[in-house]
Structures are given as structure tokens and as C-alpha cells.
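Asker: I am attaching a structure below and will ask some questions about it afterwards.
The values are calculated or read from the model by the stated rules, or taken from the named source; none is laboratory data. Quick caveat: nothing in here was measured; it's all calculated off a predicted structure. Using ideal geometry, Cβ is built from the backbone for each residue, glycine included, and neighbour counts are taken over all protein chains shown.
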Amino acid sequence: MSEQKKWIAIVKDEKTARLILSDGEVELDISYEGPPTFKTICRDASFVQDVYEKGYYRARTTYASIELSRLEGARRWLLRARGLVEYDVELTQEEALLMALIINDMREDTLSSVLLCRLLEELVMETRADMRIAAAILRDRLGRAMVKGISSSGFVEPRDCGFIFFIEDPGQDARFRLIKLEGKEITGLEGGVVLDDREALRVLMGIIPVEKARLDERAERRICIYIIRSVLGPLAKRVKFKKGLAIVKNYGLTWAIDLSDGDLIVNGEHICTTFPFFARRYGFLKLPGLGKIGLMEDMASVLCNILYALMPTKIRDPDLCRQILAKLSFLGDITDWLPCPCLFFRLWLKLRRWLRPPRFLRALLRD
Amino acid sequence: MRGQALALLEKPVERFEDEDVAGMTLAELLKREGLLKAVLRGSYLVVVDGRAVDVKDAGELEAIVLEKGSRVAVVRLLSAG
């Protein structure tokens, strides 16, 4: 029986631990998302030792089988993914061990979310190795990964700006269909879109299908703006886009809508809007050249609030009218006792319009 | 493999017009999507070419005939949270 090699763990700083194999063959710097506990470092050291001794690690995620194996006669390892993602990457020993550790953590995360214990787990969960290391390794080493989603397919390539998903078949995904058709205009990339780093890693590890991946924030915002402009047509001229907000000036009020989640802010006051609890369908769009696009909750929320901002008289929900009146009108808390809040709301809007000083006077006052 | 993938990307982009809405009435479109009743109940806001459609009965929806290139948005209405 071969003698087991010893590992030395050194805490470099509050978020980094260094594992050194006794003969100095391997030196591994593990960065954590938060300060690791002694138990975490021991657990990780034992896992790394196990993978190092076996020279092999295999993990099965929801959509892929990931295999790490030491190449014979070399201090190189091969990372191989098969399933909905397919790629081969050659890694150094240190990179391979770090990848094994992160894949193991990610797989455990998936299992715990499947068991609906994620929230409970968060309370007692130990700190995990920082996933950004794996993203950095793959950015350096990966050439191309073929990716198949539920209905879409294409390939992921690392570039300076991040991981780019080049779409071959957009399938049923509305975002990918838009990018495939108008990619140059929306993202500046022909048929491709930048994925969020963390999400790209989850796709490459087969944890989520590519359709579920969040895109890069800027790309998401551009898609959103493109859809808003397409839907509103000439009305879109009244909407200004600034710092992730769609801003509409109407009835002397400034309506701002957060493009990421559809939050509504009127004259700086947050107005709480939500879909009914039992709503499962949020509507659809029919745009020329794009066909039907089914709306998801966030996009429907953004569109509905923009339409409310452009046409506030269309608000039919009495509680919503009450909320706006209570926060912005002279009526204040009295609105709770109003019998027809929607009627009062429309009257208040008309009153604001009538009592508004003429444009030249406003310009004079501004100057 | 790279050449193959690039060739795929260079293919002329197909428009995803699986159907043409020209000549169809708004009522027909909503019925096909299974949203006609919900729209008549007032749970959705219908916008055609940037104009909100005031829906009072099915007859009004029948009267709106879509043209080639029409933009239709049917959005679930938000209520107070």
C-alpha cells in the first residue's frame, strides 16, 4: 500500500487558503466567497487529496456528465463534458483540482435546490470556493463548447468581454430569436450574445440549459428596449431610456420604470404593483418578422407599467389608484375612504393637466 | 468544427414568420391564443400598433382587422401589491 502524502494548509488571508502537498508538487490557492471555517478547509483538503490520489473525478449534473482525468505520463489533466454541453479542455494539475472542487460545490448546490432545502441550507451552509476561479480557468483554456438547450443550440466561446453564446438554432426562445435576427442592432454581435459569467459557468457545467441562463446585464437591457420600441411604435418617442430606467413624463408626473424588474416609481415614490397570485400567463406579443413572443413575468411587468405611464387613465385597479393618490395627491390618507378611487384618480389627472401653467411659462420659470 | 459552425452562422437569416396575421381579426387572434374571455373580462391590456384597444364587447374586437406588419401586444394588467 502506497504511503499517503500529507497536505499542509496555510490561511493566506481571510478569504484564501493555500494547500501544499508535502513534497511541494502541488500548491493550490483556494479563494472562497467568504471567510472559510476550519471545517471547510479540512473538508476541501480531504476532497482535493482524494481526487489527486485517484487521478480521476466524475460528476453527473442535470444536463451533463463531467469527467476530469489525469493524462498518463504528464502532469496534465483532461476536463471532458458530454451531454447537452460538449467540450474537452486540457488543464494543469492545480487548475484541474480547483475545477473538481468547484464542480463538486456546484453539484451540491443543485442537489440542495432540487430538494427544496435551499433556504434552510443557506442558513447553515459553509462557505464555498469562489466560482469566478472556474470561470477564469475556462476563459483561459476553453476553445469552444457545443451547447444544446431545450430547443436552442449553438456554441459558447470565451472572448475578452466574457462568454459569448453564438446561436445556431434559436428554437422557441424569444430572446435568442431576437438576437439571431437583430443581433447586430441589439448586442453589436452577429448572432451572438454575452452571457453573465456565473450563468455561463452553470451552462458549461450542465446545471441549467442555455435558455435558462441570464444574459449579460447590458444585453438584457438592450433586448428589453428593443421590444418596448417594437411594441409601442410611434409612442416610443415619449419614452426616454436612462441608467436602466424607462422614463415617461405624463400629466405633469415623472414615471420611471426599472427595466430589470419592472418596478414603478412615480415622482420618486415607489408604487407597488404585482400580478395576481394565480396568474400563470402574462400575455404575448406579435411582432412583424418575429412571430409570437410569449411574455415572461418581468417583461410583462415592464411593458404594463410603461403602458400605465403612457395611459394612466387605463388603470382600472381601485387599490392601485388609491395607492398613487395617497402617495402623490393632496388627499393623502383620505383616499382610503374614497368610494370610487379610479374616478377620482382620473379627475385628479385631468385637474393636474388643466391647472398646469402653459409651456412658455414653465420654460420661463425654469430659466 | 469551427468552419462548420461559421458556415451555419453565415446562412441567410430566416425570418420567424410562422404565420401571417394579415386579414385576421383581433378577436380571432385572441381566441386562438385562448385569451379572448380574459381580455373581455378586462384582465389584459391590448395594444395594436401603439394604440390601446378599448374592449367592451367581442364585436369591437371583430371589427379590428390586422394588417401585414401589425404589432400586437396583449399584456396582463398589474394590480396594487
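Asker: Considering each residue of the stretch A:155-196, count those that are closer than 23 Å to A:MET106 by Cα, of a type in the set (Asp, Glu) and at pLDDT 85 or above, and give that number. Reasoning before the result, please.
Answerer: So in the stretch A:155-196, the residues closer than 23 Å to A:MET106 by Cα come out as A:155-158, A:162-165, A:194-196.
Right, trim to of a type in the set (Asp, Glu) and you get A:157, A:196.
Filter once more, keeping what is at pLDDT 85 or above: A:157.
Adding up the residues that qualify gives 1.
Asker: Looking at (1) surrounded by fewer than 21 Cβ atoms within 10 Å (Cβ to Cβ); (2) facing another protein chain (nearest Cβ under 9 Å), find the lone condition where A:GLY283 falls short.
Answerer: Looking at each condition in turn, A:GLY283 falls short on (1).
Asker: Moving on to the next point. Across the stretch B:29-72, what is the total count of residues that are assigned to a strand (DSSP E or B), surrounded by 19 or more Cβ atoms within 10 Å (Cβ to Cβ) and either of a type outside the set (Phe, Trp, Tyr) or more than 7 Å from every other protein chain (Cβ to nearest Cβ) (or both)?
Answerer: Residues of the stretch B:29-72 assigned to a strand (DSSP E or B): B:44-48, B:51-52, B:65, B:72.
Then keep just the ones that are surrounded by 19 or more Cβ atoms within 10 Å (Cβ to Cβ); that gives B:44-48, B:72.
From what is left, the residues that are either of a type outside the set (Phe, Trp, Tyr) or more than 7 Å from every other protein chain (Cβ to nearest Cβ) (or both) are B:45-48, B:72.
Of the residues in that region, 5 qualify.
Asker: Then there's this: When residues of the stretch A:175-223 are filtered for being of a type in the set (A, V, I, L, M, F, W, C), within 14 Å of another protein chain (Cβ to nearest Cβ) and over 30 Å from A:ARG60 (Cα atoms), how many remain?
Answerer: Residues of the stretch A:175-223 that are of a type in the set (A, V, I, L, M, F, W, C), as a first pass: A:176, A:178-179, A:181, A:186, A:189, A:193-195, A:200-201, A:203-205, A:207-208, A:210, A:213, A:215, A:219, A:223.
Among the residues that remain, those that are also within 14 Å of another protein chain (Cβ to nearest Cβ) are: A:176, A:178-179, A:181, A:186, A:189, A:193.
Add one more test, that the residue is over 30 Å from A:ARG60 (Cα atoms), and what stays is A:178-179, A:181, A:186, A:189.
Of the residues in the stretch A:175-223, 5 are of a type in the set (A, V, I, L, M, F, W, C), within 14 Å of another protein chain (Cβ to nearest Cβ) and over 30 Å from A:ARG60 (Cα atoms).
Asker: Does A:ILE208 satisfy being touching a Lys or Arg at 6+ places or on another chain (Cβ under 8 Å), in a helix (DSSP H, G or I) and touching a residue at least 12 places away in the same chain (Cβ under 8 Å)?
Answerer: When the stated conditions are applied, A:ILE208 does not pass them.
Asker: Scan (1) assigned to a loop (DSSP other than H, G, I, E, B); (2) touching a strand residue (DSSP E or B) at 6+ places or on another chain (Cβ under 9 Å) for the single condition A:GLY183 breaks and write down its number.
Answerer: (1)
Asker: Of everything in the stretch A:296-316, what is at the interface with chain B (Cβ under 7 Å from one of its Cβ atoms), outside any helix (DSSP H, G or I) and at pLDDT below 90? Give them in sequence order.
Answerer: Within the stretch A:296-316, A:ARG316 is the sole residue that qualifies.
Asker: Residue check: is A:PHE176 under 26 Å from A:LEU91 (Cβ atoms), buried (at least 23 other Cβ atoms within 10 Å of the Cβ), in contact (Cβ under 8 Å) with a residue 24 or more places away in the chain and within 19 Å of the chain's Cα centre (by Cα)?
Answerer: no
Asker: Let me ask you something else. Could we say that A:SER69 is more than 30 Å from A:ILE150 (Cα to Cα) and of a type outside the set (Val, Ile, Thr) here?
Answerer: Working: more than 30 Å from A:ILE150 (Cα to Cα): no; of a type outside the set (Val, Ile, Thr): yes.
For A:SER69, the condition - more than 30 Å from A:ILE150 (Cα to Cα) and of a type outside the set (Val, Ile, Thr) - is not met.
Asker: For the stretch A:75-90, give me each residue that is more than 17 Å from A:LEU21 (Cβ to Cβ) and among the hydrophobic types (A, V, I, L, M, F, W, C).
Answerer: Taking the stretch A:75-90 and keeping what is more than 17 Å from A:LEU21 (Cβ to Cβ), we get A:78-90.
Residues satisfying the conditions are A:LEU78, A:LEU79, A:ALA81, A:LEU84, A:VAL85, A:VAL89.
Asker: For the stretch A:215-248, name all the residues that are in a loop (DSSP other than H, G, I, E, B) and at pLDDT 85 or above.
Answerer: Listed by number, the residues that qualify are A:LYS243, A:GLY244.
Asker: Can you tell me which residues in the stretch A:317-338 are away from chain B (no Cβ under 11 Å) and surrounded by 15 or more Cβ atoms within 10 Å (Cβ to Cβ)?
Answerer: Listed by number, the residues that qualify are A:LEU325, A:LYS327, A:LEU328, A:SER329, A:LEU331, A:THR335, A:LEU338.
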